[in-house]
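Worksheet: the structure to be examined is printed underneath.
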Amino acid sequence: MHDAATRSVTFFADRYVNVRAERADNVIADQLRESGIVTVDGLRNRHQVLAFATRAMALTPHPHSAPDGLTLIRDTGSHARRAGFAGLGSGELQAHTERSGTPRPPRLMLLVCLRPAATGGDVLLFDGRDIHERLVGRCPEAGVMLAQPRTVRFGAGAGFGPAHATQVITAHAGGRISVRLRQDDLARWSPAVQMYLPHLRGAIADSRYRIVLQAGQGYLLDNHRWLHARTPFSGDRQFLRALGEPHAPLPEGFAPCFPATGNPARRDHARRARHRRPSAPPAPHERSAT
């Protein structure tokens with residue numbers, strides 16, 4: 001895992017773009033196409049966050065957003081126990097992508113710190129390309145089965161609309177893929193994939209980067225590639241979030257390190273996995289972790 005303090009500093013610095021620099025928008029677009037994430041600084045109030053967000057994307061409304069399209073992420077004191085509202089509490093937020101229960105989730109997400117937590121509240125980030133590589137490398141069947149259509153239903157809660165039948169891994173033209181995920185009570189998994197969820201969670205855990213954001217710092221990411229999460233916190237932690245579609249062209253999905261059926265051994269695993277069904281339900285601790 002990439003949790004050392006030096007890793008946190010390096011992760012932010014290596015992906016940093018000065019949003020006020022000449023040709024910054026071009027650099028940001030190139031970096032999103034290459035690695036799917038950009039870190040930023042100097043966005044210290046709502047006006048500055050909104051100005052940068054609208055430069056990068058056409059904003060997509062969220063059920064919790066204000067009329068300007070931004071959502072204030074903080075502990076409201078009243079939402080945490082409701083399914084789908086963990087982000088508005090102070091507890092742990094598991095790795096997920098935004099709007100996974102919609103037919104087409106927004107492509108970009110911007111998250112900026114206005115006020116850090118008194119303790120905790122670290123940002124956790126996970127590259128879907130790394131997750132996919134680890135998942136398929138360890139268990140090719142998991143990569144195949146988690147790409148099968150309609151093997152999970154995401155959504156169906158107050159303000160979230162009807163549940164959407166989908167899959168974790170979606171294939172696109174040219175061998176590219178995208179990912180979507182949620183791991184709360186608004187995820188309903190098919191029995192056909194239950195046995196592969198521990199492999200997915202293991203790949204996610206091993207792909208983790210932890211960063212500590214200060215006021216004005218944030219990140220812009222490809223929501224079809226990167227997952228994000230949060231550690232528990234105390235204090236009046238305040239972040240602003242924007243979702244939307246990029247102004248600059250961004251190819252559908254991302255190029256995986258290798259396809260799930262990229263060599264003869266994996267193709268053989270894949271053929272078997274397509275016809276395989278769990279012989280018994282997953283262990284109780286596996287079910288409870290979804």
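The values are calculated or read from the model by the stated rules, or taken from the named source; none is laboratory data. Source: prediction; values computed, not measured. Every residue, glycine as well, gets a Cβ built from its backbone with ideal geometry; the counts of neighbours run over all protein chains shown. What goes into the accessible areas is simple: the full protein's heavy atoms, side chains included, and nothing from ligands, DNA or RNA. Shrake-Rupley method; radii C 1.70, N 1.55, O 1.52, S 1.80 Å.
Hey, if we sort T54, T166 by accessible area with the 1.4 Å probe, largest down, what's the order?
Values: T54 65, T166 5 Å².
Descending order: T54, T166.
How high is the FRET efficiency between E22 and D68 when r is their beta carbon distance and R₀ equals 35 Å, given to the nearest 0.05? Don't jump to the answer; show the numbers that get you there.
Details: r = 27 Å, r/R0 = 0.78.
In this case the efficiency is close to 0.80.
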I want the local charge near C113. Using Cβ-Cβ distances under 13 Å, sum +1 for each Lys or Arg and -1 for each Asp or Glu among the other residues. +4
Given a Förster radius of 45 Å and the C-beta distance between A118 and A192 as r, what FRET efficiency does 1/(1 + (r/R0)^6) yield to the nearest 0.05? 0.55
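Of S207, S90, which has the most accessible area and how do the rest follow, probe 1.4 Å? Provide the component values of the computation, followed by the final result.
Values: S207 0, S90 40 Å².
Result, largest first: S90, S207.
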Could you report the accessible area of T10 in Å², rounded to 10, computed with a 1.4 Å probe on the protein chains as they sit in the structure? 60
